[in-house]
Amino acid sequence: MAKNIGVIGDGNVGGALARGLKRAGHEVRGVGNDAGAVREAAAWAEVVVLAVPFGAIDSVVKMAGEALSGKTVVDVTNAIDGSMNLAVGFTTSGAEELQKKLPKSRVVKAFNTVFAQHMDTGRLGDKPLTAFVASDDATAKATVVGLAREIGFDAVDAGPLKNARLLEPLAYLNIQLGYTLGLGTQIGLKLLHG
């Protein structure tokens, strides 16, 4: 069933997810850094995707305000600081901190372990990449697992939101492999099922 999905962040990540979700048959509104548009998209949407830099989260939460209450909020951010290091470590995560800021929302961590150019298909060539999905809300998590599968990912239930403490460093490893260690962005993570 088609959903109304607001994608906050109109860069590479937000654009790719918006394309993939539209192709899967959903109504998608993508917005950039405009407070009125953010509020409007958040109010209209059933699911809100935060595809913004980690440092912009507080600003987006403030712009959206109560429009995020009761919504499934998908945190796609990489918890990385301005020096390209992990901003938070293994005792909390960016997603858990976001949930504290949005106590009336259902925060889901997903899509952050994938490079942007693979997010619209969920694939690297003809191979599906894994989308790890973590949340404390079973319904919200199931919704996002379904959305990821519709895009083309092999979606995996990655447990409770505290497992974002593992997914965020995993994304950082992917970034290190791609950029710092020179493997490039034509790489991706795949959980093998036996």
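Hey, Ala42 hits all of (1) closer than 25 Å to Asp136 by Cβ; (2) in a loop (DSSP other than H, G, I, E, B); (3) modelled with pLDDT of 95 or more; (4) not β-branched (Val, Ile, Thr) but one; which does it fall short on?
Only one criterion is unmet by Ala42, namely (2).
Looking only at segment 62-100, filter to residues that are outside any helix (DSSP H, G or I) and on the phi > 0 side of the Ramachandran plot; which one of those is surrounded by the most Cβ atoms within 10 Å (Cβ to Cβ)? Spell out how you get there, then give the answer.
So the first thing to find is which residues in segment 62-100 are outside any helix (DSSP H, G or I), and the list is 69-93.
From what's left, on the phi > 0 side of the Ramachandran plot: 70, 84.
Working: Gly70: 10, Met84: 12.
Checking each candidate, the answer is Met84.
Return the pair list, or none, for Cβ contacts closer than 9 Å from residues in segment 1-22 that are within 16 Å of Phe54 (Cβ to Cβ) and in contact (Cβ under 8 Å) with a residue 24 or more places away in the chain to residues that are aromatic (Phe, Trp, Tyr) and surrounded by 23 or more Cβ atoms within 10 Å (Cβ to Cβ), at least 6 apart or on different chains.
Val13/Phe111
Within segment 171-186, track down each residue that is surrounded by 15 or more Cβ atoms within 10 Å (Cβ to Cβ) and either in contact with a strand residue (DSSP E or B) (Cβ under 8 Å, 6 or more places away or on another chain) or under 14 Å from Ala131 (Cβ atoms) (or both). Give the derivation first.
Pass one, segment 171-186, residues surrounded by 15 or more Cβ atoms within 10 Å (Cβ to Cβ): 171-172, 174-175, 177-178, 185.
The answer is Ala171, Tyr172, Asn174, Ile175.
Please give the number of the condition Ala155 fails out of (1) touching a His at 6+ places or on another chain (Cβ under 7 Å); (2) farther than 21 Å from Thr180 by Cβ.
(1)
Could you tell me which residue of segment 33-90 is nearest to Gly20 (Cα to Cα), considering only residues that are touching a residue at least 60 places away in the same chain (Cβ under 8 Å) and either of a type in the set (Ser, Thr, Tyr) or touching a His at 6+ places or on another chain (Cβ under 9 Å) (or both)?
Restricting to residues being touching a residue at least 60 places away in the same chain (Cβ under 8 Å) and either of a type in the set (Ser, Thr, Tyr) or touching a His at 6+ places or on another chain (Cβ under 9 Å) (or both), the top hit is Val47.
Looking for whichever is closer than 22 Å to Gly6 by Cβ, at pLDDT below 95 and of a type outside the set (Phe, Trp, Tyr) here; the options are Ala79, Ala134, Ala116, Ala87. Which one fits?
Ala79
The values are calculated or read from the model by the stated rules, or taken from the named source; none is laboratory data. Because the structure is predicted, anything quoted here is derived from the model rather than measured. Heads up, the Cβs are rebuilt from the backbone with ideal geometry, glycines too, and the neighbour counts pull from every protein chain shown.
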